[in-house]
Structure formats: C-alpha cells, structure tokens
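The structure under discussion appears below in the form of structure tokens.
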Amino acid sequence: MAATTGIEELVRREDVVASLSLLSQNWLKEEAFISCVNAAVDEKISTLDSSNWNMLEERIEEVVKKEMDRKFGDQRQETNQLRSEVDNLNSTPNSNLPQNNARLVSPTPTHQTRQQGSISNMFNRILSDDISHDTFSLMMISTPYKKPWWYGFGIFVFQMILCILILYDQLLIQSSDSSTFNVPFYVGNEVRVAQFMSIIFCVAIQGDVLVSIKTLTLLWKTTRWDKTILGRGDDTGPLSTSEWASHILVPNLMRFVEGILGLFVSFVVIVQSDNIINLLRDFTALMIISEVDNLGFRLAADGYVGEKMCREALKVKDRSDCTLSSATSPDEVRNCNRFIFRPLILATILSCMFGGWSYFVVQQVRGKIYSQRFPGCVDTVPFEFAKKHFGDGKCYGGNMNTLGCEFEGGDCINFNLEYPLCRGDDLLDVEIELANDVCNMAFATEACRFDNNACCSSEYTDTDTFGNGVCDFDKDSGANIQKCEYENGDCLQYNDMYCLDENDCCPLSIVYGNSFQNSICNGGLSATSKCDFDGTDCNNFSNAHPTCPFDVLAGRDGSDDVVLGDRVCDGGVYSSEECGWEF
C-alpha cells in the first residue's frame with residue numbers, strides 16, 4: 001500500500017500530473033490503484049485550471065506513445081479511455097463538471113480483447129459501431145496510395161480473384177444443355193431446408209456488405225469523419241471531398257463489391273448443392289475466403305509484413321474505443337435520410353437471394369430443369385421416374401442408361417466401364433441382376449456376358465443343332481455348360497462316358513467319327529480307356545492282351561494308322577509281345 005499512499009499524498013498537493021505518472025509506472029496492476037485515483041480525482045477535479053488540463057493531456061499523449069510502442073493492448077485501452085475522458089472534460093466548463101463524469105479510469109474495461117475469426121465476433125463486427133479490424137479499415141486509416149493502402153488493395157484483389165475462379169468453375173464451364181447455374185433437376189426436402197437456412201446465415205455473416213453500408217452512412221462526407229478515423233482535433237477544419245473519397249469512399253466501395261460478389265458466389269453454391277454435406281463443405285470454404293481481409297490485417301498487426309504496416313494496423317486497433325457513430329451528431333442523425341438505406345439494402349439482399357432460390361425450387365418441382373438438363377431423356381424416361389431413381393447410386397438398364405440421360409445421372413458409369421455395351425430392355429437394377437446368378441434372357445447377350453454367365457447364349461439356343469442328339473462342343477465350352485443344360489442334353493452321354501475328368505476327354509472328332517464303334521479296333525487315341533477302347537471295338541483285344549500299354553502308345557507317331565487284331569502285321573508301336581504282335 002506504499003504506492004497507494006504516495007498517490008494520495010500527491011493528490012492532496014493537487015499534483016494530478018505526478019499522480020498520473022506514478023499510476024502509469026505501476027500501470028494499474030492492483031485494483032486499489034484504480035479506486036484510489038478515481039476517488040482522488042473526483043475530490044480535486046473541480047480545482048484544476050486550464051494549464052493543469054494541458055499538462056495532463058500532454059502526459060497522457062506521452063503514455064499513449066510509450067505503451068503503443070510496447071504493444072500492450074489492454075493497457076493502451078485504459079490510456080485511451082483517460083484521453084477520451086479528458087476530451088469530454090475540456091468541452092465542458094470546470095464549474096459545471098458533475099462528479100460522475102470526472103472519472104479517469106474504470107475498474108472494469110469497456111472493450112474486451114477481440115479475437116477475429118469466430119462467428120460471434122463476425123456478428124459483433126456487423127452489429128456494433130466499432131471500427132472493423134480488417135485491411136479495408138487499414139486503408140481508411142493510412143495515407144492514400146502509400147504502402148499500407150496498397151497492401152489493403154492487394155488483399156482485395158486476391159479475394160476478387162478467388163471468387164472469380166470459383167464462379168468460372170461453378171458457373172461458366174457448362175454445356176449448352178446444362179441447366180441455369182448447373183442447378184440439379186431435383187433435390188430432397190431436407191436439402192431445401194438446409195438451403196433456406198444457409199441463405200439466412202450467409203447474409204447474416206457476410207459482414208463486408210453490411211459493414212460497408214454502415215460505415216458510409218455513419219462517416220458521410222458531411223460528418224467529422226476525420227476526427228474519428230484520423231484522430232484530428234476539434235480545432236481543425238474538415239478535409240476535402242477528395243480526401244474523404246480516398247479514405248472512406250474507395251475502401252468501403254471495395255468492401256461492398258467484395259461482399260456482393262461473395263454473396264453471389266455463395267448463392268450459386270447453395271442452389272447447386274444436392275446434399276447437405278456438400279453444401280456445408282462448400283459454404284465453409286467460402287466463409288474462409290470472406291475472412292481473408294481479416295487475416296491480412298492480423299498479419300500486419302503482428303508484424304509479419306513489416307514495421308510500418310504494423311504501426312498502421314495498431315492505429316486501427318487504437319481507434320477501437322472510438323465508435324463510427326461518434327462522427328455524427330444527434331441532430332444530424334435525426335435529420336439525415338441516408339440511414340434508411342441500411343435496412344432497405346439488407347432487405348433487398350435478402351429478397352434477391354430468396355427470390356432466386358424460390359425460382360429454382362419452382363422450376364425443380366415442375367420438372368422444367370429436368371427438361372432443360374436432360375433434353376434427350378425426357379421422351380423416354382418420365383420426370384417422376386427420373387426423380388425417384390436418378391442419383392440414388394443404383395444403375396438401371398434400358399432407356400435411362402443412355403448418353404441422353406447422362407447414364408442415369410452418373411449412376412451407371414461404373415457399370416458401363418465393366419459392361420460397355422450391355423443395356424438391357426427392362427428397367428431393372430442391372431448391377432444386382434447380373435450378380436444374382438439367375439438367367440434373365442434380356443441380358444443373355446455376349447455384351448452382357450450372357451447375364452454374367454447366368455444364361456446360355458442365344459447364338460447356341462437359336463441354332464438347329466441345339467438339342468439334336470449330337471454333342472457339338474467339348475466339355476465346359478460353347479453350349480456344353482450347365483447354363484445351356486449341356487447343349488440341351490446332347491452332351492450328357494458324352495460327358496459321362498468319354499471324360500475321365502474335366503480336362504481329359506475323348507475328342508469329339510473320334511466319338512462322332514465314322515471309325516468309332518464300327519467293330520474294328522483302331523489304334524491311337526481311339527484305343528484308350530477315355531474313348532472306351534474305341535467304343536468297345538477293342539474290348540476283345542484288350543482282354544487278350546491286358547498288359548498292352550494303350551494309353552502310353554497312343555501318343556506315339558503312327559499309332560493312329562494301326563488296326564489291331566485284324567491278323568495283318570502293320571508293324572510300328574504295337575509290334576511287341578505285350579500287345580501280341582498286333583494279335
């Protein structure tokens with residue numbers, strides 16, 4: 001309490017300047033200092049003359065400069081409050097000063113530290129009359145066409161380029177038969193509710209449009225805008241209209257244009273969305289773009305773009321305790337018609353966005369966008385059917401899986417990559433149909449791989465040889481498969497009698513040849529066990545010579561030319577004792 005006692009003693013001697021000096025050295029680290037000085041100043045303020053006030057004001061200027069260089073944000077706010085109180089006292093005769101207006105400091109700060117970027121602070125920036133912490137405010141504070149001013153202009157150009165690129169991607173790149181703004185031909189009711197809420201939220205948080213209107217109405221050229229923005233005193237005259245245009249009009253027109261373009265891009269993204277997840281994702285990305293000017297200001301205030309830029313940004317923060325409305329007198333507010341434009345413009349923006357959205361909703365419900373989007377599909381696929389099936393992730397065959405229907409709005413792209421020419425005539429879920437292993441004759445084509453091998457090909461079933469009693473195909477080939485009922489039964493006997501296993505069958509050329517089962521034992525493959533020993537023609541020979549290696553000798557050259565057991569010596573591979581010298 002020694003420091004407190006020192007302050008009380010100085011105040012008793014009416015040395016207010018020394019009191020403030022000691023106060024600034026301790027810098028309000030205890031609430032007792034604040035209460036002490038408030039009480040002392042309340043008691044002695046009426047005795048001060050004009051020279052004391054001048055000394056006090058000079059001391060405050062010194063403290064402001066010192067603390068600004070040190071970038072003590074909270075302490076600088078307290079000092080600015082002291083300066084504001086002194087200005088109020090200077091404008092009122094000392095004899096008429098009320099005691100409750102003589103306070104220099106308050107134990108509770110009037111402005112909390114601002115954290116830019118959160119949604120709550122975006123609303124605060126829109127609804128309050130505080131100077132916004134963005135690069136447009138930096139342009140307002142700075143000398144026109146100097147480095148800080150051009151820095152803000154560069155941030156504005158960067159935001160415009162981003163918005164234009166998004167528009168080019170979302171809006172300008174579209175085919176001649178695309179719908180307006182590439183709007184989907186139909187969306188669910190839950191998406192429409194999300195779109196409605198997104199429009200309200202979009203207008204509410206798009207601070208650049210509303211802040212620019214608010215700033216222009218409060219800092220019109222007829223007000224003392226220079227006092228609020230540039231910190232000029234009451235004893236100075238108003239600046240010229242060109243100065244007002246450079247400091248106020250141009251930056252806020254840029255802010256307004258950027259905000260309007262951002263709203264338009266947001267509107268396009270909203271009406272293009274066909275599901276809630278994509279809507280929220282794209283909308284969040286646009287919010288980030290709209291905050292680029294705030295991010296640029298923070299980079300400048302933190303010193304990342306140079307010392308001079310940092311000092312200019314700190315000037316904007318130094319004006320945080322000054323409201324924009326302070327530039328406009330109460331009489332001017334009552335008499336000025338320009339303030340009616342603020343709610344009028346807000347209502348106009350909302351009306352335009354809701355009007356445009358309502359137009360697209362009506363066009364979607366009536367099927368107009370469907371006709372515009374799919375002109376080659378309207379005559380073959382009704383709107384109600386397309387509304388039900390397009391975009392559901394299932395591919396249906398038939399008329400919807402066509403180029404005119406954009407392959408069912410994209411649902412059939414994967415299917416078409418696997419089966420490029422398979423369409424089918426029925427409106428069925430072809431992906432399930434081709435995977436159920438049940439034959440559907442609509443897909444019994446080579447393009448559909450015979451219903452993914454669930455059907456026998458019509459190229460077999462439509463021939464005269466199908467079911468004529470003669471097997472025309474080797475086992476597991478052609479029509480000799482289960483799907484074709486083994487060539488309609490023609491190959492059942494062949495598969496059963498002349499195939500020892502799936503890969504070892506007697507050739508069809510032998511079984512249905514003229515020398516098979518003609519009571520003559522022919523050598524070669526005909527005399528093997530898989531050909532039933534030449535259709536039983538070689539049974540007598542094999543019984544007489546059971547050790548003759550028929551299967552081994554069948555693979556040797558010349559074996560097919562030998563007739564066994566005809567009592568004619570042909571020589572060759574069967575001329576051995578095991579084979580009875582050909583018997």
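The values are calculated or read from the model by the stated rules, or taken from the named source; none is laboratory data. Since the model is a prediction, treat every value here as computed from it, not as a measurement. Cβ atoms come from the backbone with ideal geometry, glycine included; neighbour counts cover every protein chain shown. SASA here: full protein model, heavy atoms, side chains in, ligands and nucleic acids out. Shrake-Rupley method; radii C 1.70, N 1.55, O 1.52, S 1.80 Å.
With each pseudo-label sitting 7 Å past Cα toward Cβ, what's the Arg556-Ile345 distance in nm, one decimal? That separation, rounded to one decimal, is 10.8 nm. Note on Val563 and Thr236: the model spin-label points, each 7 Å out from Cα along the C-beta direction, lie 13.1 nm apart.
Amide H to amide H, with H built 1.01 Å from N, Cys521 comes under 5 Å of Leu564, counting only residues 5 or more places away or on other chains.
Beta carbons within 10 angstrom, averaged per residue: use that to sort the peptides 238-245, 150-157, highest first. The partial results should precede the final answer.
Numbers: 238-245: 14.0, 150-157: 19.0.
With the highest mean Cβ count within 10 Å placed first, the list reads 150-157, 238-245.
Based on the reciprocal of the average 1/r between different C-alpha atoms, the Kirkwood radius for segment 375-433 equals 11.1 Å. Split the accessible area of segment 147-296 by element, probe 1.4 Å, and carbon with sulfur accounts for 70%. For Ile481, the amide hydrogen comes within under 5 Å of the amide hydrogens of Tyr486, Glu487, counting only partners 5 or more places away or on other chains and with H modelled in the peptide plane. Using every pair of distinct Cα positions in segment 342-409, the Kirkwood expression returns a hydrodynamic radius of 13.7 angstrom. Cβ-Cβ distance of Asp274 and Asn414, R₀ of 22 Å, FRET efficiency by 1/(1 + (r/R0)^6): the value works out to about 0.70.
Over segment 367-459, what percent of the accessible surface lies on carbon and sulfur atoms, probe 1.4 Å?
Numbers: 2490 of 4780 Å².
Carbon and sulfur together cover 52 percent of it.
When ranked by the protection proxy of mean other Cβ atoms within 10 Å per residue, highest first, what sequence do the peptides 195-203, 376-384 form? Don't jump to the answer; show the numbers that get you there.
Details: 195-203: 17.6, 376-384: 15.7.
Ranking, from highest mean packing down: 195-203, 376-384.
For segment 236-293, rounded, prolate or oblate, judged on the Cα gyration tensor with a ≥ b ≥ c (square roots of eigenvalues), a/c < 1.5 rounded, else prolate if a/b > b/c?
Numbers: a/c = 6.70, a/b = 3.66, b/c = 1.83.
Prolate is the answer for segment 236-293, as a/c is 1.5 or above and a/b outweighs b/c.
Taking the convex hull of the alpha carbon positions in segment 157-297 and averaging its projected area over all directions gives 10.3 nm².
Per residue, segment 174-277 exposes an accessible area of 38 Å² to a 1.4 Å probe, with every protein chain left in place. The mean of 1/r over all pairs of different alpha-carbon atoms in segment 137-226, once inverted, gives a Kirkwood hydrodynamic radius of 17.1 Å. Note that segment 136-151 has calculated 3J(HN,Hα) couplings of 6, 5, 4, 5, 5, 6, 7, 5, x, 6, 9, 4, x, 5, 5, 4 Hz, one per residue in order, obtained from phi through the Karplus relation 6.51 cos²θ - 1.76 cosθ + 1.60 (θ = phi - 60°); glycine and proline are x. Coupling constants for segment 370-380 follow from the phi torsions by the Karplus curve (6.51 cos²θ - 1.76 cosθ + 1.60, θ = phi - 60°), and in residue order they are 4, 5, 6, 7, 10, x, x, 10, 4, 6, 9 Hz; glycine and proline get x. Past 26 Å, Cα to Cα: identify those pairs from Lys394/Lys475; Lys221/Lys315; Lys388/Lys483, in the order given. Violating the 26 Å Cα-Cα cut-off are Lys394/Lys475; Lys388/Lys483. Here segment 518-580 is treated as an ellipsoid with the same Cα gyration tensor; its semi-axes, largest first and in whole Å, are 14, 13, 12. Amide H contacts of Ser576 (H built 1.01 Å from N, in plane; Pro and chain starts excluded): Trp581, Glu582 sit under 5 Å, all sequence-distant by 5 or more or on other chains. Whole-Hz Karplus values for segment 214-229 come out as 4, 5, 5, 6, 7, 10, 5, 4, 8, 8, 8, 4, 5, 5, 6, 8 Hz, taken residue by residue from phi with 6.51 cos²θ - 1.76 cosθ + 1.60 and θ = phi - 60°; glycine and proline positions read x.
Could you work out how much longer the chain between Asn518 and Arg281 gets when fully extended? Use 0.36 nm per residue separation minus the Cα distance between them, nm to one decimal. Can you show the working numbers first?
Values: separation 237, 0.36 × 237 = 85.32 nm, distance 8.18 nm.
Residue separation times 0.36 nm, minus the Cα-Cα distance, leaves 77.1 nm.
Over the alpha-carbon set of segment 402-459, divide Rg by the Kirkwood Rh and report the Rg/Rh ratio to two decimals.
Numbers: Rg = 11.1 Å, Rh = 11.5 Å.
Value, to two decimals: 0.96.
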